[in-house]
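The values are calculated or read from the model by the stated rules, or taken from the named source; none is laboratory data. On a predicted model such as this, the values are computed, not experimentally measured, just so you know. Using ideal geometry, Cβ is built from the backbone for each residue, glycine included, and neighbour counts are taken over all protein chains shown. Ligands, DNA and RNA are excluded from the accessible area calculation, which covers all protein heavy atoms including side chains. Shrake-Rupley method; radii C 1.70, N 1.55, O 1.52, S 1.80 Å.
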There are 2 protein chains.
Amino acid sequence: MEQRVSLITLGVSDVPASRAFYERLGWTVAMDVQETVFFRIGGSVLTLWGRDKLAEDSGVSDNGGWGGITLAHNVRSREEVDAIIERANQAGATITREPAETFYGGYAGVFTDPDGHAWEVAHNPGFTLEDDGSLRLPEG
Amino acid sequence: MEQRVSLITLGVSDVPASRAFYERLGWTVAMDVQETVFFRIGGSVLTLWGRDKLAEDSGVSDNGGWGGITLAHNVRSREEVDAIIERANQAGATITREPAETFYGGYAGVFTDPDGHAWEVAHNPGFTLEDDGSLRLPEG
């Protein structure tokens with residue numbers, strides 16, 4: 001199995017409402033078909049789809065709430081962390097952690113989207129963010 | 001907010017056991033520091049970290065179980081879907097959906113890792129998989 005994630009699908013309760021939330025963050029939809037919304041994220045895709053359908057399609061039961069996955073959006077400065085957390089707040093997110101110093105020497109805040117999916121917005125000086133937005137770990 | 005996911009962090013109950021599972025799938029660790037394991041996935045990173053720590057760090061409460069996110073790993077043929085699902089089974093995954101035709105004209109199966117994180121392994125002839133593993137949507 002090669003090392004890649006082609007799509008990240010977020011199960012949501014209301015696809016158009018979730019789409020509108022991500023658009024308020026500044027994102028642009030690439031496709032919207034069959035009640036499924038696709039956003040390009042680098043060489044991968046973030047998808048919004050009904051959470052009930054996703055649970056059934058995945059063959060899993062759903063306890064509701066957060067399920068042990070957090071997405072991180074790294075940026076190039078502390079000021080960008082503050083600006084994005086503020087924009088998310090205005091877009092209707094819940095700020096679950098105000099921007100602050102992190103244990104790894106960075107600066108980050110966390111918001112959850114309208115369905116409780118968690119996004120850390122982080123400036124990590126140890127991880128280089130390339131011009132194309134890809135992340136480079138220290139070794140590589 | 002630009003469109004990217006820099007890291008996908010999977011909260012797990014036993015980091016070394018989860019690391020060993022992904023290694024049995026054929027993955028190679030890039031970094032293992034402070035009970036945190038990092039795998040390169042294209043221009044992003046998949047991280048394994050203690051689920052309790054991740055919940056606290058994300059400022060969320062944890063109901064346990066699946067939480068509305070499924071990851072997809074797209075491949076170039078139906079045979080690859082079968083092979084990866086079989087390898088995951090041998091590695092200790094739970095096969096939650098045996099490989100079969102999908103509603104979108106593809107072929108896919110789903111497994112969950114030892115912590116219940118869901119991976120769809122899919123051949124979708126409508127989405128081009130580039131040589132570098134990145135996914136190209138029909139429009140672009």
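The magnitude of the dipole of region A:1-118, with charges of +1 and -1 set on the Cβ of Lys/Arg and Asp/Glu and taken from the Cα centre, is near 260 debye. Mean partner shielding of peptide A:130-137, defined as the number of other chain Cβ atoms within 10 Å of each residue Cβ, is 5. Accessible surface buried by the B/A pair amounts to about 6200 Å², both sides summed, 1.4 Å probe.
Quantify how much of the Cα-Cα distance distribution of chain B extends past 25 Å, in percent. Roughly 31 percent, rounded to a whole number. In a DSSP loop and with at most 14 other Cβ atoms within 10 Å, there are no chymotrypsin sites (Phe, Trp or Tyr not before Pro) in region A:1-77. Couplings 3J(HN,Hα) for region A:28-39, derived from phi with the Karplus relation 6.51 cos²θ - 1.76 cosθ + 1.60 (θ = phi - 60°), are 10, 6, 8, 8, 9, 9, 6, 6, 9, 10, 10, 10 Hz, where x marks Gly and Pro. With 0.36 nm allotted per residue and the present C-alpha distance subtracted, the B:Thr28-B:Asp131 stretch has 35.1 nm of extension available.
Think of a 1.4 Å ball rolled over the protein heavy atoms: region B:1-98 then has 41 Å² of accessible area per residue. Projecting each Cα onto the charge dipole of the protein assembly as shown (Lys/Arg +1, Asp/Glu -1 at the beta carbon, about the Cα centre), which of A:Ala93, A:Gly68, A:Val45 comes out farthest on the positive side? Value computed over the given set: A:Val45.
Computed from Cα atoms, the angle from the helix A:15-24 axis to the main principal axis of chain A rounds to 20 degrees.
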